[in-house]
Amino acid sequence: MADRSFAPVDVSDDILDRFRKLPVATTWAAVANVAGVPLPFMEGVRNFTPGKRLAARARTLRFLPPRPDLDAEAKRGENSPEYQAMARCGPGDVLVADLMGKQWAAVAGDVKLMQLKMNKADGLVTDGAIRDLGVLEDEDYGFAVYAQERSPYGGRPWADPAYENCDIQCGGALVRPGDVIVGDDDGCVVVPSWFAEEAVVWVEEHEGVEGYVKEKILNENVRPGRYYPPTDAMMQEYLDSLK
């Protein structure tokens, strides 16, 4: 870890495409065990668009509890933090909203989220709630949605949009602008942008060797414990087989 650079990286579309083929479970293992991130998994955040995978660059939005002085400072209308954050989202990007874990507080509904649809963003992730999900489905907004709950509420009385393009938490995981959010039906993992290229290679190799091990187990009709978890020698055997 000492010689790894932690400078933020603009993650390429090619790396995102590769992550979309990979499971969250193995991606979590890479971030936790290789990059040393203790909590990269968003706890309580689940896929409300089942089967739709996500691998996109995070564009962040932070909510805070309402207070009169914050109301006086906050921009409103089309220049509010929520619209500024959504304006940063295009293909390959996902809006990630910190609702402080307030499960019934909705990040937005169908009218506001039209901006993500028009910008062709890849998704919305929040540790709050999603409102008007049925409209998003009926009108084919087209992006993945991950949240804690469905809700008829707005953000208040719990939360107002306050800041965008800043460090946030979501489901207990740190999210910095440009990090990669990888999601499937297991949930979402945050891959730091500086680790994304290394992570995708690691995950591809480990998915490959697990497939190789499963074939050996079936072909030899042995207990999985003979070959799993794979050793370094088994990994080398798998890599040699590719040549």
Quotient of Cα Rg and 2.2 N^0.38 Å for the range 100-218, N being how many residues it contains: 1.29
Accessible surface of the range 1-124, 1.4 Å probe, proportion on carbon and sulfur as whole %: 55
The range 113-128 and the range 55-78: distance between their alpha carbon centers, rounded to Å: 15
P(r) weight above 13 Å for the range 1-61, C-alpha pairs, percent: 74
Sites GLU207 and ALA72, calculated FRET efficiency, Cβ-Cβ separation with R0 51 Å, nearest 0.05: 0.50
Descending Cα extents along the principal axes, the range 75-154, whole Å: 31, 27, 20
11 Å reach of a label modelled at LEU64, 7 Å along Cα-to-Cβ, counting backbone N of the range 130-168: 160-164
Per residue accessible area in Å² of the range 9-64, where ligands, DNA and RNA are left out and the probe is 1.4 Å: 46
Acute angle (nearest 10 degrees) that the helix 196-220 long axis makes with the longest principal axis of the chain, alpha-carbon atoms: 50
Members of LYS75/LYS120; LYS52/LYS117; LYS75/LYS117; LYS21/LYS52 lying beyond 19 Å, as alpha-carbon distances in this model show: LYS75/LYS120; LYS75/LYS117
Bridge type composition, the chain - antiparallel percent by DSSP, nearest 5: 55
Cα-based shape type of the range 38-80, given that a ≥ b ≥ c are square roots of the gyration tensor eigenvalues and the cut on a/c is 1.5: prolate
Nearest-ten-degree value, helix 232-242 long axis tilted from longest Cα axis of the chain: 90
Area accessible to solvent at LYS21, 1.4 Å probe radius, in Å²: 150
Taking the convex hull of Cα positions in the chain, its mean projected area over all directions (nm²): 15.4
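Quick check: residue separation of ASN219 and ASP140 times 0.36 nm, minus the Cα distance between them. What number comes out in nm? If you can, show how the numbers build up before the last one.
Details: separation 79, 0.36 × 79 = 28.44 nm, distance 4.48 nm.
Length difference between fully extended and current span is 24.0 nm.
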Amide N proximity, the range 27-50 versus ASP186 label position 7 Å along Cα-to-Cβ, cut-off under 17 Å: 27-48, 50
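The values are calculated or read from the model by the stated rules, or taken from the named source; none is laboratory data. It should be emphasised that the depicted structure is a prediction, and the values quoted were computed from it without experimental measurement. Positions of Cβ are generated from backbone atoms using ideal geometry, with glycine treated the same way; all protein chains shown enter the neighbour counts. Areas reflect the complete protein model, heavy atoms only, side chains present, ligands, DNA and RNA absent. Shrake-Rupley method; radii C 1.70, N 1.55, O 1.52, S 1.80 Å.
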